[in-house]
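A short reminder: the numbers here are calculations on the coordinates, not readings from a lab. Just so it is clear, the structure is predicted and the values come from calculations on it, not from any experiment. No Cβ is skipped: glycine too gets one built from the backbone with ideal geometry, and neighbour counts run over all protein chains shown.
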Amino acid sequence: MKTSLLIVFMLFAGLSLSAQTRFGLKTGVASGSVTTNDALVNEEGVALGSFQFGAIWDTKINAKLSFQSQLLFLGKGVAVGVNTEKDKYRFAAMDIPLQVLYRTKGGWFIGGGPNLGFNLSAHHAYLGDREEITIGNEAGQVKGFDFGVIATGGYQSKTGVILSLNYLKGITNLKNEANTEWSNNVLGFNIGYMFPTRAKK
């Protein structure tokens, strides 16, 4: 994971030096769900709400296309149960979406690409009790690296204000157990702001 984070840091450092790159910030809500073969979760699982926030680097390719990378901190997971007290499986993650966006003259955009996810912590909570889930590669643990694909759409005003909707589909099976499947998905609603580029001297 350290090698992957170093590569990511070098990517963002390179983008920051580009004259065609704009920098921004975003925040919003994240609605987590899972894809699993666990019958109970499939029957009683409901969306688990959380927050997401982070930074945006957007590099212009041409008049209609841009390459956008983000560094996001967000919650993932699912709630399970039909009563008010539910089992909650929460993941704290750092995600790095790498997307190509198509933009219209009116400010609308749509696009997508791969998502590099890193699980920072995980736990199971029920009736006030909290049990930590270890990140690792052994049985009973969950994987730290979480690869997925993401699709994004939204609107950016001429002043830099962004309203967007994104859906992340997890591909990595996070369970280190035979015949057990678990991948995290997220539906996000966001507001952000892109800072203006510095004027050329």
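Tabulated data
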{"quantity": "Selected residue [charged (D, E, K, R) and part of a strand (DSSP E or B)] from LYS169, LYS158", "calculated": "LYS169"}
{"quantity": "Pair list, Cβ < 6 Å and 6+ apart or interchain, from the range 32-44 residues that are in contact (Cβ under 8 Å) with a residue 40 or more places away in the chain to residues that are in a helix (DSSP H, G or I)", "calculated": "none"}
{"quantity": "Set ILE150, ILE133: member being more than 19 Å from GLY28 (Cα to Cα), within 21 Å of the chain's Cα centre (by Cα) and hydrophobic (A, V, I, L, M, F, W, C)", "calculated": "ILE133"}
{"quantity": "Unique residue being aliphatic (A, V, I, L, M) and in contact (Cβ under 8 Å) with a residue 60 or more places away in the chain when the list is ILE135, ILE150, ILE162", "calculated": "ILE162"}
{"quantity": "Criterion (more than 17 Å from GLY49 (Cα to Cα) and buried (at least 16 other Cβ atoms within 10 Å of the Cβ)) met by exactly one of GLY107, GLY117", "calculated": "GLY117"}
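Yes/no matrix, rows are residues, columns are (1) surrounded by fewer than 17 Cβ atoms within 10 Å (Cβ to Cβ); (2) small (Gly, Ala, Ser):
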residue: ALA125; (1), (2): yes, yes
residue: LYS143; (1), (2): no, no
residue: THR159; (1), (2): yes, no
residue: GLU177; (1), (2): yes, no
residue: ASN184; (1), (2): no, no
residue: MET194; (1), (2): no, no
